[in-house]
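Data block below; observations after.
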Amino acid sequence: MPVLHTPALTSGRRPLTALLTAALLLGAAVGAGSTTAATAATGTATGTATATATANATAAHADEPGWTAEPAAGGAGPARPYFFLSGPAGTVLEDRLALTNSSDRERTVTLRGADAYNTADGALAVRPAEPPAAEGRGGTARGAGSWISFGTATTVRIPPRTRAVVPFTVTVPPASPPGDHPAAVIAAEDGREAGVRVHLRVAGPTLAALTVEDVCVRGKGARAVVAYTLVNRGNVALVPELALRAEGLFGEVPGRTARALPVELLPGQRVSLTEPWPGAPVLDDVDLTLTVTAAGAAPATAGASAWFVPWGIAARTGAGLLGLGAVALAALLLVRKRRARGRGPAHEEPVPAGKRAPEHELTGASR
């Protein structure tokens, strides 16, 4: 495919790194509804900065990658933070990627498509490139990333201070199920990678559905957190909201009002999250109820029970009570021992009159 070169603008340049996962984490939330998808930002993070010191001053020098990757602007419209493509199964969709070389030397950038997914803690990431030998025979299951093709322009040379616009296609297989198929366009050079999200939706019925599982409480007091697992069981990306309600032995306990979670849950993905609970009681038996909602999906609830006991205070109190009991027992035994010494024999058997010893009269005379 042809590569179009145009002079690059030198004013207002933004330094960009190409750490792929960081780039994808800048994605904005997915919008609810049948015709919108989640928003995500292009991979644009600042490069590594190194500092050098002199006797009089210290100066910072930025190690910038010198190039950026972003969706090509569509006419006079605003800049796009991501690609959004939609169509029925079996069609070929087209778009363009803009590569800007803001440095003073030529850049050689390699392009590819990649599947997007959620890590275990909910972050967005993309599948690494597979070696050619692994593709198609026992490698990682191929998703929408494999539908992206740059034709013969997989390697692009960009002259200094020049912008290259590279067309690409997304070929949707005829048997593709409807719904969202998250992917990304990856640009790489010398170990650096920049990712641009591709929100791809295949036309057809959509289903928003999620469940919350494995609820438990970790920690205590102000450091208590509620751990849980979210599962997207539908075919569209979701931005869930979580509310926490707690009921104790003495009534309702402060929980957490509904708030949007900082995660975009992709279709078929499972993530393990924790929710801070600063209102956890010190001493109580609490029943927790988590309610998770998302646009277009039925609310999902799950519960758990938790005992809150201040074991440190309980241990000190128990030790004090044991000590007090030991002192009381020792005092009781001492009193009983003293009373036993003050009394004579408890029982004396009577002696028959005939066997009594003779009584001697004390007259003072010798016998």
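Couple of notes before you dig in:
- Ordered from longest to shortest, the equivalent ellipsoid semi-axes for the stretch 214-308 are 26, 12, 11 Å, each the square root of 5 times a Cα gyration tensor eigenvalue.
- Under 15 Å, Cβ to Cβ, from Tyr117 - net charge with Lys/Arg +1 and Asp/Glu -1: -1
- Probing with 1.4 Å while keeping every protein chain in the model, the per residue accessible area of the stretch 187-260 equals 46 Å².
- FRET efficiency estimate (nearest 0.05) - Cβ-Cβ, Phe250 to Glu130, R0 45 angstrom: 0.20
- Each Cα pair of the stretch 71-217 feeds into the Kirkwood radius, which the Stokes-Einstein equation turns, at 10 °C and 1.306 mPa s, into a diffusion coefficient of 93 µm²/s.
- The listed residues Val156, Val239 rank as Val239, Val156 when sorted by accessible area, largest first, using a 1.4 Å probe.
The values are calculated or read from the model by the stated rules, or taken from the named source; none is laboratory data. None of these values were measured; they are calculated from a predicted model. For neighbour counting, all protein chains shown are included, and Cβ atoms are generated from backbone atoms with ideal geometry for every residue, glycine included. Heavy atoms of the whole protein, side chains included, go into the accessibility calculation; ligands, DNA and RNA do not. Shrake-Rupley method; radii C 1.70, N 1.55, O 1.52, S 1.80 Å.
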